[in-house]
1. For region 50-70, indicate whether the set of residues that are of a type in the set (F, W, Y), touching a helix residue (DSSP H, G or I) at 6+ places or on another chain (Cβ under 7 Å) and modelled with pLDDT of 95 or more is non-empty.
2. Output the residues belonging to region 15-29 that are under 10 Å from the mean Cα position of the chain (by Cα) and in a loop (DSSP other than H, G, I, E, B).
3. If only one of D152, D118 is acidic (D, E) and modelled with pLDDT of 90 or more, which one is it?
4. Taking only pairs six or more apart or across chains, which ones have beta-carbon atoms under 6 Å, a first residue in region 11-25 that is under 13 Å from Q148 (Cβ atoms) and modelled with pLDDT under 90, and a second residue that is acidic (D, E) and assigned to a loop (DSSP other than H, G, I, E, B)?
5. Need at least 3 residues that are more than 15 Å from V33 (Cβ to Cβ) per element, so show me which strands (runs of 3 or more DSSP E) inside region 53-141 make the cut, counting only ones lying wholly within it.
6. For residues in region 30-44 being polar (S, T, N, Q), closer than 11 Å to F95 by Cα and buried (at least 17 other Cβ atoms within 10 Å of the Cβ), which is farthest from the chain's Cα centre (by Cα)?
7. State whether the residues of region 128-142 include one that is surrounded by fewer than 13 Cβ atoms within 10 Å (Cβ to Cβ) and over 23 Å from K69 (Cβ atoms).
8. Output the number of residues of region 99-121 satisfying the condition of being small (G, A, S) and free of Cβ contacts under 8 Å to residues at least 60 places away in the same chain.
Amino acid sequence: MKAMTTTEGEYCGTPTVVMLTAGQHIDAGTVTVSNDSNYLYVTYSASNGYQITETRLYVGPQARIPTNKKGNPQIVLYPYGETFISPVGEVTYKFNLSNFDDCFVVSDHAVVVKYDGDVLVGKQTAWGAGSQLNASGSWAILFDYCKQACTDQPIYFKETAFAYGYDYATCFLDWGFSRWG
């Protein structure tokens, strides 16, 4: 799946935002998971001078994460992601929301780089903060996400009216006024 560009939209509920942790302890950005009524969005956002050169993403039931015999994830088998020739600051993946149960896990991996001018000064693997996938294995991370309910916002109709008179109440319609709005 190739990354997509999105415009800021209306999401349902509250997005889940976790730190994109590089080298197990470095804040390299965030991973945001959100949904609207039709789609699920997973956005990697680099910060603190880092940029993204590769993503690998799994979204679904924890039992289906591709792992080796020791229980460590095989990120090359994660179904979504890509490698960027030029590093990027942000990348979003969009999925049909109906493809997912109400709650599922997100396991997101990235390779991030940091430059000082044209000189590469750091390259790290990174995961969205959460729980370790295999307590006795690699530092691969996953976190839970539950679909956020979409509620229709109430529709308010606004109309402006005025009445004429000082000493008595009257209806402006009695005076021939019919100006609304």
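The values are calculated or read from the model by the stated rules, or taken from the named source; none is laboratory data. Keep in mind that this is a model prediction, so the values were computed, not measured. Every residue, glycine as well, gets a Cβ built from its backbone with ideal geometry; the counts of neighbours run over all protein chains shown.
1. Going through region 50-70, the residues of a type in the set (F, W, Y) turn out to be 50, 58.
In the following step, the residues that additionally are touching a helix residue (DSSP H, G or I) at 6+ places or on another chain (Cβ under 7 Å) were identified as none.
No, because not a single residue in region 50-70 is of a type in the set (F, W, Y), touching a helix residue (DSSP H, G or I) at 6+ places or on another chain (Cβ under 7 Å) and modelled with pLDDT of 95 or more.
2. P15
3. Testing whether each residue is acidic (D, E) and modelled with pLDDT of 90 or more leaves just D118.
4. Y11/D36
5. 80-88, 103-116, 119-128
6. Restricting attention to region 30-44, the residues satisfying the condition of being polar (S, T, N, Q) are 30, 32, 34-35, 37-38, 43.
Applying the additional criterion that residues be closer than 11 Å to F95 by Cα yields 34-35, 38.
From what's left, buried (at least 17 other Cβ atoms within 10 Å of the Cβ): 34-35.
Numbers: S34: 4, N35: 8 Å.
Looking at the filtered set, the residue picked out is N35.
7. No, region 128-142 contains no residue that is surrounded by fewer than 13 Cβ atoms within 10 Å (Cβ to Cβ) and over 23 Å from K69 (Cβ atoms).
8. We begin by selecting, within region 99-121, every residue small (G, A, S); these are 107, 110, 117.
Next, from what is left, pick out any that are free of Cβ contacts under 8 Å to residues at least 60 places away in the same chain: 107, 117.
Count: 2.
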